[in-house]
Amino acid sequence: MIKFILKRLGISFLVLLGGSLLMFYLTVSSGDPLQDYYESNDPNRDQIIASITQRLMLDQPWIARYWDWLTGVAGCIGPGVCDLGQNINGVEVGSLLGNAAVSTLRLVTLATVLAILVGITVGIVTAIRQYSGFDYVVTFLTFLFFSLPVFWAAVLLKEFGAIRYNDWIADPQISSVQAIVIGVVLAVILQAVLGGSWRRRLVTAGVTAVFVFAALTYFTSVGWWRAPALGIGIVAVVAIAAAVGLTAIFAGLGNRRVLYSTLTTVGVGLVAYYAVGPLLAEPNLLILLLLLAITIVVSLASGYFWGGYSSRRTAMGLSAVTGVIMGLLILLDRIVYAWAGFLGLKSRPISTIGSNTPNFRGDYWETILDNGTQLLLPTVLLTLISIASYSRYTRASMLETMNQDFVRTARSKGLSERVVIVKHAFRNALIPITTIVAFDFAALIGGAVITETVFGWKGMGELFRTGLDAVDPAPVMAFFLVTGLAAIVMNMLADIAYAFLDPRIRR
Amino acid sequence: MTAGFAAVAATALVLSACTSSPGGDDPTTGESSSDTADPSAEPTEAYEGTDKQDLGDVTTVDDQISYSLGEDEWLGYNGNTPETYSTYNSVVNDRIQSGFTYFGTDGTIYVNEDLGNVELVSEDPMVVEYTIADDAVWSDGTPITYDDALFSWATQAIADGQDADGADVPLFNYVGGLDLGSRTTAPVGEPGGKTFTLEYTNPYPDYMISTLMQFPLHVAAEQAGTTSEDVIAAIEAADVEALRPVAEFYNTGWLSPTPGTLPDEAIALSSGPYVLSSWEAGQSITLEANPEWWGTPPATSTLVYRFAAAETQVQALANGDLNIIEPQATVDTVSQIEAIGDSVTLLTGPSLTWEHLDFNFNNGPFATSLPLREAFAMCVPRQLIVDNLIAPIDPEAVVMNAREVFPFQDNYEDVVSQSYDGRYDEVDIAGAQAKIAESGVAGPIDVRIGYSAPNARRTEQVALIKDSCDQAGFNVTDVGNDAFFDQTLPNGDYEVALFAWAGSGQIASGLSIYSTGGGQNYGGYSNADVDAAWQALSSTLDPAEQQAEIVTIETNLWDDLYGIPVFAHPGVTAFDSTIQNVRDTATQSTVAWNAEQWVRAN
C-alpha cells in the first residue's frame, strides 16, 4: 500500500511539473500584458512599460521566466524562501492566494455540502420511485437547473431575490389574491411530487393550498415578515419530527431503544433552549463550539444508556445527529429573532455584490445575518446547478445496485424494504459516488469563476480570471498549483476511501 | 526621446487653463457638459462651469455613499510608482492627497485653492511661484510646507548614477522618471515656509500639472532614521547616499502588498478632505472625513469605494449596494440603467479618448499617394459610424474634426474653422473614384485595416467602412488581431490603423505622435512644417501662439491626411437620484473628481 501511494505521488508530481510548464507557456502566450499602454498618451507611459517589462521579465524568453517562477516555488517545498512571485502590480501573490482561498471556501463549502446532501437524497428517492410522477418532475427540474446559464440565472436571482425582495420587505404585503395564487401553485407542485391515487392527490393539493393561504395571510397580518420568530413550539415540532424521521429511516420505529434515545436528546435540547438562553445573547465562536461539544457528549450519553447491548452504536450515532440538528434549530431561532434588528441596520437586506456589508456594525447574530444574506444568492445558485449531477449519479448507481442479485436475496430473506434499501443497496451505491464527491471537493478550492465574478467575491476563480485577463502568469500559476495539488490529494483520498467502502479492493 | 515626449497632449487644455476664467463669454460653454440626464428624473441644478462648484457653507452630513469604478484592488498610499499608478488607485488616493491643480470636467486645469496657489511670475527666465495655504496641515497636525514640495521635486530629480546606455537611473521609483528634474532647478524657499519658486530652464507649457506635492517629508525622514533638516540638506547637496534610506522608504514603505492591511495611520497621512479608515481585502475601502482638513468640509462623512466588477455594477446600483458608478459605456449598459427608472440618473458624455484611422506612410499604396488617401477619406462614413455606434450611447455625440482639441472644448470651433473646411463631412463615392483615377493606381486597391481585436465596436466600424469604400474601388479587409500593437503595427502589415489615443491633458503630448521619428509616430509620417510647429508649441507660454500653432498643425495634418479622426469615446455615469452634485467628467479623474461634494438629499 505504502509503495503504491509513493508511486502514485511520484507520478502525480511529474504530471504537476509538466502541467505547470504547459500552463505557464499557455498563459504567457495568451496575449500582451502591455496592451493597455500602447494606446496611452500618458507622459509616464515609457516608465510604466519599462517597469512592467522588468518586473514580469518580458525581455526574457518564456522558459527563463518559467525557471524563475519554478525556483521561487521550489522554496515552498525545499530549502529556501517560498516565493510565489508578484502580480503585474507588484502585489505578493502569496497574500492574494490566502485571501482568495478563504473567500472561496466560505462561498463554496456550504453550497457543495448542501448540493451533496440534497442531491443524494433526491437521487435515492427518485431511484426508489423510478418512473413515477415525482421521478419525472425531479428529473425535469434537475436538468433545467443543470443547463441554466450561470450568468443569466445570477442576473435573474439578483433581480427577484435581491432587488424586488428588498423593495417588498420595506412594506411586506401579500394580498388575498396573491396568497391564493401561491397556495394553488404550491399545491399543484406538491401533489405532483407526492403522487398517489387521484383521491390522495386531491387531498394533498387541498390541504396544501388551504395551509399556505392561511399561513401567508396570518404572517402578513401579524407583521411576521419584518419581525419573525420561531419560538419553542416550532423548534420542538421540527426537532421531534427529525428524531422520529431519522429513527424510522436508519433504525426502524420498532426499535424503541433508539427512538427513546433520540427523543431524550430532543427533550434535553428543549431544556437547554431556556438554560443556555443568556449565554446565547452575545456569544462568540468559542462558546458556540463548546456548546456543540457538550451537545454531542450529552447525545452520545443518551444513546449509550438507552441503547442497551444490541443497538448502542445506532442509538449513539442517531442521537448525536439529532443533537446537532437540535442545536442548529436553537441557533436558527436566535438568528430569525435577530432579523428585525438587522432590518433596522440594513434596510435593503439582500445585497447583489460582496461577501459582507462595508462597515457593518451589529451584534453577533446580526453579523451572522449580514454574512448569511450575502451568501444566500450565490449559494442558491451554486447548489441548484450542482444538484443535478449528484442526483443523477446517485439515481443511476442506486438503480444498478437495486437490480443486483444480493438485493434480491436480501428481499427473499424477508428483510424489510427499509433494511434492504438503507443497509444493502444504499451502502453499495455510495461507492461510485465517493469518487464524484472527492473530485468535487478538489474542484471546490478552484472556486466558481462565473459565480464569483457576478457576485463580486474575490476567490480563486477570480484570481485565475483576472490573472489571465492581464496576461499575468504568477496568479494563474498559483491557482494552478493549488487546484492541481487539491486534485491529486483528493484523488488519493478517494482511492483510500474505496478500500474502506469496498472490502474486495483491499484484498 | 523620453524627455521630449514627456510633454504631450491636448494643446487646447493649456490654452483654456491659462486664459479664461471658467464659463467665459464663449456661447458653447453651456453645451460643454453634454449630460443627457433621464428626462423624467429630477434635474439637478445645472452648473455651467467645468471647475468645482462653490457650494458655499458646507456642513458634513453623517452619511455613507458607495461608489465603484471596477474590481481592481487598492495598491497603496504611494500611487506614484509605476506599479501602483492607475485610475483605480488614484480614485481613492486623490481623496486623501491634495495637489496644486486639478482637471475640470472638460480637461481644463484649475488651481486647487484649498492647497494654495500656482502663478507664473516670470516668463524669461520661466519662474513659477507656489503658495501653500497657511492653515494647510497633514492629518497628524504637521503643517504642509516647502519641505514637502522639495521632497516631491527630489523624487523626480535625484539620479543614482547611470546605466549601461548612459541614461540616468532614478533613485526614487517615481512614475514620471526624472523628467521634472531635467527641466527645473531645485525649488527655492525657506525650510518650513509656505511659499517657494520653481525655475524652468526652458519654457514649458505644461508646468501647471507638474507634481510639486506628494507625501509628507517628516514621515519619510523619520522612517529612514533621519530628520527633515538632514534630508533637505542632502537634497540640496544631491547626496545620493544620504538619501538612499529615504528613497527606500518612498519606494516600498508606502505600498500595501498585503490586501486588507491598511498602512499605519501615522505613516499614511492625509492632505485631503478624507482619511483612510478601513480596508476589506477584495471588497471595499472606506474613507472618513479628515478632522484636520482645513478647506471646505466634505459634504458626506463616509465614502466607501467598493471593488465591484463592471458587469455587477448596474444591478448593484439598482439595489442600493452602490450609489455612484461609471460602468462600461455600451448600449446594453445604457438601456439597463434607463430601465431602472427615476430612482437612478444617467449621464452620458464624451471622454478625452478619441478614435482615429491612421495611414501607413512606411509602405503600401497610401504611403506615396495623397490622392489615394483623399479618396479613402472621402469614402469613410464617419457620420454613419457615429450615428450607428456612438449616438445610441451618447445622443449628442458628434464626428471629431480635430486631433488636438475636442468638440466639447471651448476653442474647438475656432481651431476647426481655421484648419478644416468640411471636405470629408459627407461620403462622396464619385469623388473618391475620381481621386483614385487621378492617382493612377489600378484598382481594386487592397486596404488592410488593423486594430487590436477582440473589439466589437471596431469590427463594426471596419464593416461600415468596407460597405462604403468598396464601392469607390477599394478592397477593404479586416485584419484586426490580438497582436496588433505587438506585431502588425511595428511590422507595417497594414494600410490603415484603427485605434484610440487616451488624452493625458498635456499640451505637447502630440509631439511624439506627429513629429518626424516620434516614438508614437507608428505610420512614419514626416512634415517639416509640422515638426517646426510642434517645437514652437512645446516651448511657448503664450496661449495665443499655442492656439496658432495648433491651427498650423491641424491644417497640415488635414492637407497631408496623416489620418482621419472619427469620434471621442463616450462615457457613462449613473447615480442614485437622491445624491446631489454628481458630475461626470471627460478626464481620467473619473466621476469621483469632486467626491467631497457628493451629498444625499434628505
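The values are calculated or read from the model by the stated rules, or taken from the named source; none is laboratory data. Everything numeric here is computed off the predicted structure, so don't read it as measured data. Using ideal geometry, Cβ is built from the backbone for each residue, glycine included, and neighbour counts are taken over all protein chains shown. Areas reflect the complete protein model, heavy atoms only, side chains present, ligands, DNA and RNA absent. Shrake-Rupley method; radii C 1.70, N 1.55, O 1.52, S 1.80 Å.
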Query raised in the report: Just one of the numbered conditions (1) within 14 Å of chain B (Cβ to nearest Cβ); (2) open to solvent by 30 Å² or more (accessible area, probe 1.4 Å); (3) at pLDDT 85 or above is not true of A:VAL449; which one?
Result: (3)
Query - strands (runs of 3 or more DSSP E) enclosed by the range B:44-160 - at least 1 residues per element that are of a type in the set (A, V, I, L, M) - result: B:61-68, B:109-111, B:116-123, B:126-132
Report task. Could you tell me whether the range B:414-421 includes any residue that is more than 14 Å from chain A (Cβ to nearest Cβ), touching a strand residue (DSSP E or B) at 6+ places or on another chain (Cβ under 7 Å) and open to solvent by 20 Å² or more (accessible area, probe 1.4 Å)? Result -> no
Query raised in the report: Condition test on A:ILE88, is it assigned to a loop (DSSP other than H, G, I, E, B) and either touching a residue at least 40 places away in the same chain (Cβ under 8 Å) or within 11 Å of another protein chain (Cβ to nearest Cβ) (or both)?
Result: yes
Report task. Inspect all residues belonging to the range B:467-487 and state whether any of them is among the small types (Gly, Ala, Ser), open to solvent by less than 70 Å² (accessible area, probe 1.4 Å), assigned to a helix (DSSP H, G or I) and away from chain A (no Cβ under 12 Å). Result -> yes
Report summary line: Residue set B:PRO297, B:PRO327; condition buried (at least 24 other Cβ atoms within 10 Å of the Cβ), more than 10 Å from every other protein chain (Cβ to nearest Cβ) and on the phi < 0 side of the Ramachandran plot; output residue B:PRO327
Report summary line: Filtering the range B:53-79 down to residues that are open to solvent by 20 Å² or more (accessible area, probe 1.4 Å) and within 9 Å of chain A (Cβ to nearest Cβ) yields B:GLN64, B:GLU71, B:ASP72, B:GLU73
Query raised in the report: Of these, B:GLU236, B:GLU280, B:GLU326, which one is within 26 Å of B:ASP134 (Cβ to Cβ) and modelled with pLDDT under 95?
Result: B:GLU236
Query raised in the report: Got at least one residue in the range B:161-172 being charged (D, E, K, R) and under 29 Å from B:ASP54 (Cβ atoms)?
Result: no
Report summary line: Of the listed residues (B:GLY518, B:GLY523), the one being part of a loop (DSSP other than H, G, I, E, B) and either closer than 21 Å to B:PHE567 by Cα or open to solvent by 40 Å² or more (accessible area, probe 1.4 Å) (or both) is B:GLY523
Query raised in the report: If you go through the range B:221-233 one residue at a time, do you hit one that is on the phi > 0 side of the Ramachandran plot and not β-branched (Val, Ile, Thr)?
Result: yes
Report task. Run down B:PRO371, B:PRO350 and say which single residue is modelled with pLDDT of 90 or more and part of a helix (DSSP H, G or I). Result -> B:PRO371
Report summary line: Filtering the range A:148-170 down to residues that are more than 12 Å from chain B (Cβ to nearest Cβ) and either crowded, with 17+ Cβ neighbours inside 10 Å or under 19 Å from the mean Cα position of the chain (by Cα) (or both) yields A:LEU148, A:VAL150, A:ALA153
Report task. State yes or no: is B:GLY510 within 9 Å of another protein chain (Cβ to nearest Cβ), of a type outside the set (Asp, Glu), buried (at least 20 other Cβ atoms within 10 Å of the Cβ) and under 19 Å from B:VAL566 (Cβ atoms)? Result -> yes
Requested in this report: For the range B:178-188, state whether one or more residues are within 26 Å of B:PHE103 (Cβ to Cβ), open to solvent by 10 Å² or more (accessible area, probe 1.4 Å) and assigned to a loop (DSSP other than H, G, I, E, B).
Outcome: yes
Query - Verdict on B:LEU212 being away from chain A (no Cβ under 12 Å) and open to solvent by less than 10 Å² (accessible area, probe 1.4 Å) - result: yes
Report task. Sort out for me the helices (runs of 4 or more DSSP H) sitting completely within the range B:205-273 that have 3 or more residues that are within 25 Å of B:ASN290 (Cα to Cα). Result -> B:217-223
Report summary line: Here the residues within the range A:135-177 that are charged (D, E, K, R) and touching a residue at least 60 places away in the same chain (Cβ under 8 Å) are A:LYS158
Requested in this report: Among the residues of the range B:256-278, write down those that are within 9 Å of chain A (Cβ to nearest Cβ), open to solvent by 50 Å² or more (accessible area, probe 1.4 Å) and touching a residue at least 60 places away in the same chain (Cβ under 8 Å).
Outcome: B:PRO257
**Report entry** Unmet requirement for A:GLY18, which otherwise passes all of (1) away from every other protein chain (no Cβ under 11 Å); (2) crowded, with 18+ Cβ neighbours inside 10 Å
**Finding:** (2)
